[in-house]
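The values are calculated or read from the model by the stated rules, or taken from the named source; none is laboratory data. All of these numbers come straight from a predicted model, not from anything done at the bench. Note that we place each Cβ from the backbone using ideal geometry, even for glycine, and neighbour counts take in every protein chain shown. Accessible surface is based on the protein model in full, side chains and every heavy atom, while ligands, DNA and RNA are left aside. Shrake-Rupley method; radii C 1.70, N 1.55, O 1.52, S 1.80 Å.
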Amino acid sequence: MENPKARPSPEQKEVVALHLDLCNFTGISQQLEPMERTRSIHEIFCEFDEHLMLHGLFKVDTIGGAYVAVGFVHSASTEDSFNTCQAMMHVTRLMLTTLVQYRRRRGIELSCRIGISRGTVYAGVLGVLQVSCIPRTALGMPNRRCPLSRHVLELNVPIVLAQPRYQLLGKPMRVAEELESNSIVDGVHVSEEV
């Protein structure tokens, strides 16, 4: 088995970074039941994921009501950089539209702030694992009857999966978050590099 500590060190990559935060998600979360809150954020983030995939962009992370994504600039050409910035800006418009449609459909006043930056990051697998808990029932593992007592055995105890996690560190990630926090509601704050 490969020694995970022997992995190559992170590489430098040019990216366009997006940081989105659902502004009033904490307040709305207090009004919703936990499962409804989970469904809501899942519904929104699934639409964001689709937009990214259709434009060749990469979701880095979600933390509560925050959504972080990047577009990789694959060559030093101005055209590639321009195309990646354009793709990110287009996805940003789609994200804002998604939230407008969500507000209309659900009657919940949910808005966001977005920051976008561009520059060089260090990218790679850092550490040896990320733990994910998946309920057994989500994996299609049904409940079973105990042959001795005839009671149903609840198999909702989560299964823990350990996988390495791809990380991006650097100024554009930090700047995108700072731009987002200083943006107006339903606004997009973009760095000069974009």
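The set of residues in segment 55-95 being free of Cβ contacts under 8 Å to residues at least 40 places away in the same chain, within 16 Å of L168 (Cα to Cα) and either open to solvent by less than 50 Å² (accessible area, probe 1.4 Å) or in a helix (DSSP H, G or I) (or both) consists of L57, D61. Number of residues in segment 5-54 that are touching a residue at least 40 places away in the same chain (Cβ under 8 Å) and within 19 Å of S181 (Cα to Cα) equals 11. All told, R104 meets the bar of being among the charged types (D, E, K, R) and modelled with pLDDT under 95.
Would you call G119 in contact (Cβ under 8 Å) with a residue 60 or more places away in the chain, at positive phi and in contact with a Gly (Cβ under 7 Å, 6 or more places away or on another chain)? Yes: the conditions hold for G119. Just one of the numbered conditions (1) among the basic types (K, R); (2) at pLDDT 90 or above; (3) within 19 Å of T62 (Cβ to Cβ) is not true of R165: (2). All of (1) open to solvent by 40 Å² or more (accessible area, probe 1.4 Å); (2) assigned to a loop (DSSP other than H, G, I, E, B) hold for Q101 with one exception: (2).
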